[in-house]
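Here the structure comes first, spelled out in structure tokens, and everything after it is commentary.
Taken together, the values in this text are just the output of simple stated rules run on the coordinates, not laboratory data. All of these numbers come straight from a predicted model, not from anything done at the bench. Ideal geometry is used to build each Cβ from the backbone, glycine not excepted, and the neighbour counts take in all protein chains shown.
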Amino acid sequence: MSEDYRRVSLDTIAGGAAGERFQEAMEEIIENLLDPNTDDDSIRKIKMTFKFKPGKDDAGKLHVSIETRTELAPPIGVESVVWVGKEKGAAVGYEQNFKQQSLPFNQEEPEKKITLINQEARNAQGND
């Protein structure tokens, strides 16, 4: 064989595309690992599949396809409570209990007023 030809390897197949696809998948894995919304302990995977199909006209010829897939950690679940009921005949849901009255600490604080009770207090404030 001519010296111009190189043997097929992981680095050379499909013009180096297999290595590039692996690198892209590895970057996805790293981004997923660094995402604060995913579980640090979850296993991530890269699956590369090489399919070889013999040529119809030439048994010495192979068509090669390469598939790369990643399995990433899913986002961490979040929880909430939804209060459900009917409003004007339609089903509704709220994250606050709509049957509960407003609590005092949820309201704006009233303006504070200072009322002086005796003369000594007025004198201390400089109001004669």
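Does the stretch 1-101 classify as rounded, prolate or oblate by the C-alpha gyration tensor (a ≥ b ≥ c root eigenvalues; a/c under 1.5 gives rounded; else a/b over b/c gives prolate, otherwise oblate)? Verdict is prolate for the stretch 1-101.
If you take the square roots of the eigenvalues of the alpha-carbon gyration tensor of the stretch 28-68 and sort them as a ≥ b ≥ c, do you get rounded (a/c under 1.5), prolate (a/b over b/c) or oblate?
In terms of gyration-tensor shape, prolate.
The modelled label-to-label distance between Leu62 and Glu24, using points 7 Å beyond Cα along the C-beta direction, is 2.3 nm.
Can you list the residues, at least 5 places off or on another chain, whose amide H is less than 5 Å from the amide H of Thr38, using H built in the peptide plane? Those qualifying (amide H under 5 Å, at least 5 residues apart or on another chain) are Ile76. Annotation: amide H-H contacts under 5 Å for Trp83 (H modelled 1.01 Å from N, sequence separation of 5 or more, or interchain): Tyr94, Glu95, Gln96.
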